[in-house]
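Asks: Supplied in structure tokens, the structure appears directly below.
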Amino acid sequence: MLDTRIKPIVMPKWGLSMSEGKVTGWLKPPGTKISVGDEILEVETDKIAGVVEAGDAGILRRAIGARDTVYPVKALIGVIADEEVSDDEIDAFVATYAAPAEEDEAAEESAPKYEFADTPFGRLRYARRGDGARTVVLIHGFGGDLDNWLFNIDALAGSATVYALDLPGHGQSDKAVGEASLGWLSGAVLAFMDQAGIEKAHLVGHSMGGAVAMRTALDQPGRVASLGLIGSAGLGAEINSGYTDGFVAGSSRRDMKPVLEQLFHDPGTVTRQLVEDILKYKRLDGVDDALRALAANLFPASRQSEILAEKLKATDVPVLVVFGASDKVIPPAHAGALGDRARAEVLGEAGHMVQMEKANKVNELLLDHIGR
């Protein structure tokens with residue numbers, strides 16, 4: 001039986017398809033006092049580079065994961081324990097630590113990673129996690145897909161039933177975007193909810209997805225329990241057209257890498273694989289037309305075409321707004337657009353993809369928000 005005074009640090013599972021990760025460096029040396037939420041090491045996956053935050057407090061007693069070494073998900077890569085735990089006890093813990101039972105792993109692998117819903121707005125890919133009383137729908141931004149929530153979906157699924165979908169024109173959903181408006185995209189979200197049997201949900205939207213979520217709350221308030229707006233569009237006029245235009249036009253790794261680096265506080269978060277995955281998506285039939293139509297209609301002349309903040313103030317839907325202080329796509333000042341009508345948080349050392357760069361804090365805020 002493992003000593004409960006000793007807390008394992010394991011290779012995390014970020015997203016439904018992650019099976020392994022590479023340790024790229026420790027941010028804290030052994031012997032450091034660790035608090036919950038401290039960034040302790042960096043990991044790179046086939047999707048993205050990220051930081052592992054401590055889930056327990058204590059002393060970092062072992063840094064087992066070696067730099068530039070790949071480990072399977074849930075493998076032991078570090079140990080946290082208090083000073084009174086002896087080195088011999090730590091050694092015994094490491095020697096006897098066992099990864100999850102094979103049958104648990106097999107069941108997880110056999111579970112469907114993605115599903116598809118046929119709607120009047122096309123065939124939409126989605127993922128479903130958890131089985132809680134509350135329902136959360138995660139809506140990605142321009143050019144994104146449901147993997148933009150890979151650091152969030154499982155954390156939220158501990159307290160709710162969570163759906164993440166690919167909007168039309170994105171990911172593995174059908175590529176036609178109709179009139180390419182927020183209203184049309186909102187209609188797609190509502191059609192997905194109908195197909196999935198979701199009467200009412202907490203909508204969490206990132207960037208363009210935040211504006212889609214707001215449009216949904218304004219058009220169909222009875223379907224929306226609350227709004228979580230992450231680096232959201234729709235709160236102010238300004239937007240970095242250098243990003244949106246660059247994303248639409250980019251056709252090579254040389255073009256796309258500096259565009260994607262604008263999404264993050266730390267540009268090193270952008271891996272070669274992430275760039276390749278985006279370029280692969282952009283080569284799919286219909287993607288170029290969809291992105292150009294959305295950019296032209298939603299972000300014309302370097303401005304946002306629909307500003308929904310004033311209308312949202314007149315509703316009674318609970319709202320949480322979260323921005324990264326280093327957001328280079330939408331100004332962090334937009335976090336205050338709703339005034340005291342919303343809870344607003346601006347997180348340091350995070351950019352437009354704040355839900356990835358500060359996942360633990362964003363998850364904590366969202367769980368508190370939907371639990372009210």
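The values are calculated or read from the model by the stated rules, or taken from the named source; none is laboratory data. Given the structure is predicted, the values throughout are model-derived calculations rather than measurements. Using ideal geometry, Cβ is built from the backbone for each residue, glycine included, and neighbour counts are taken over all protein chains shown. Just the protein is used for accessible areas: all its heavy atoms, side chains included, with ligands, DNA and RNA removed. Shrake-Rupley method; radii C 1.70, N 1.55, O 1.52, S 1.80 Å.
Asks: Relative to the present Cα-Cα distance, how much length would full extension add between residue 303 and residue 194 at 0.36 nm per residue of separation?
Replies: That works out to 36.0 nm of additional length.
Asks: Of all accessible surface on the chain at a 1.4 Å probe, what whole percent is carbon and sulfur?
Replies: Of the solvent-accessible surface of the chain, carbon and sulfur hold 48 percent.
Asks: So, one more: Do the sum for the chain: with -39,500 (n - 2.57) for every DSSP H run of n ≥ 4, divided by all residues, what is the mean residue ellipticity at 222 nm, to the nearest 500 deg cm²/dmol?
Replies: -8500 deg cm²/dmol
Asks: Can you tell me the relative contact order of the range 183-283? Whole percent, Cα pairs under 8 Å, sequence separation 6 or more.
Replies: 20
Asks: Using only the alpha-carbon atoms, how far is helix 182-196 inclined from the longest principal axis of the chain? Give it as 0 to 90 degrees, nearest 10.
Replies: Taking the Cα atoms of the chain, the angle to 182-196 is about 60 degrees.
Asks: If ligands, DNA and RNA are left out, what is the accessible area of residue 200 with a 1.4 Å probe, given in Å² to the nearest 10?
Replies: 110
Asks: Largest first and in whole Å, what are the equivalent-ellipsoid semi-axes of the range 1-76 based on the Cα gyration tensor, each being the root of 5 times an eigenvalue?
Replies: They are 20, 14, 11 Å, listed from largest to smallest.
Asks: Here's a follow-up. Would you check the accessible area of residue 184, probe 1.4 Å, heavy atoms only, in square angstrom rounded to 10?
Replies: 50
Asks: While we're here: Quick check on the chain: of the DSSP beta bridges with both residues there, what percent are antiparallel, nearest 5%?
Replies: Of all bridge pairs located within the chain, approximately 55 percent are antiparallel.
Asks: For the chain, with a Gaussian network of springs between Cα atoms less than 10 Å apart, report the residue from 236, 286, 210 with the top mean-square fluctuation.
Replies: 286
Asks: Separate question: Bin by bin, in steps of 10 Å, what percent of the Cα pairs in the range 218-322 do you find, going until the bin that has the longest distance?
Replies: Using 10 Å bins, I get a P(r) of 13, 34, 32, 19, 2 for the range 218-322.
Asks: Just want to confirm a number: the relative contact order over the chain, from Cα pairs under 8 angstrom separated by 6+ residues, in percent.
Replies: Dividing the mean separation by the residue count of the chain yields 14 percent.
Asks: Moving to a separate point now. Taking the dipole about the Cα centre of the chain, with the C-beta of Lys and Arg at +1 and of Asp and Glu at -1, give me whichever of 97, 136, 19 is farthest to the positive side.
Replies: The residue sitting farthest along the positive end of the dipole is 136.
Asks: What residue among 312, 203, 227 shows peak mean-square fluctuation when the chain is described by a Gaussian network model with Cα springs under 10 Å?
Replies: Per the Cα network of the chain with a 10 Å cutoff, 312 tops the list.
Asks: Rounded to the nearest 0.05, what FRET efficiency is calculated for residue 266 and residue 241 with R0 set to 22 Å and r the Cβ-Cβ distance?
Replies: About 0.40, to the nearest 0.05.
Asks: In terms of the Cα gyration tensor, with a ≥ b ≥ c the square roots of its eigenvalues, is the range 107-245 rounded because a/c is under 1.5, prolate because a/b exceeds b/c, or oblate?
Replies: rounded
Asks: Cα axis of helix 359-370 to longest principal axis of the chain: angle in degrees, 0 to 90, nearest 10?
Replies: Between helix and principal axis, roughly 60 degrees.
Asks: Something else: How far apart, in nm, are the 7 Å Cα→Cβ label points at residue 276 and residue 176?
Replies: 3.4
Asks: Only Cα pairs within less than 10 Å get springs; with that Gaussian network setup on the chain, which residue of 331, 221, 29 has the largest fluctuation?
Replies: 29
Asks: Here is a follow-up. Taking the Cα centre as origin and putting +1 on Lys and Arg beta-carbons and -1 on Asp and Glu beta-carbons, what dipole magnitude results for the chain, to the nearest 20 debye?
Replies: 1140
Asks: Let me ask another. Suppose we take every Cα in the range 35-186 and form the convex hull; what volume per residue is that in Å³?
Replies: Taking the convex hull of the Cα positions in the range 35-186, it is 156 Å³ per residue.
Asks: Let me ask something else about it. Assuming R0 = 41 Å, can you tell me the calculated FRET efficiency for the pair residue 345 and residue 88, based on Cβ-Cβ distance, to the nearest 0.05?
Replies: It comes to 0.40.
Asks: Just read off the accessible area of residue 280 with the full protein assembly in place, 1.4 Å probe, to the nearest 10 Å².
Replies: Approximately 140 Å² for this residue.
Asks: Now for a different question. If only Cα atoms are counted, what is the Rg of the range 258-372, and what is its Dmax, in Å?
Replies: 16.4, 45
Asks: A further question follows. Specify, per residue and in Å³, the volume enclosed by the convex hull of the alpha carbon atoms belonging to the chain.
Replies: Looking at the chain, the number lands at 137 Å³ per residue.
Asks: Moving to a separate point now. Could you report the chain's accessible area per residue, 1.4 Å probe, as an integer in Å²?
Replies: 42
Asks: Tell me the volume per residue, in Å³, of the convex hull enclosing the alpha carbons of the range 284-325.
Replies: 152
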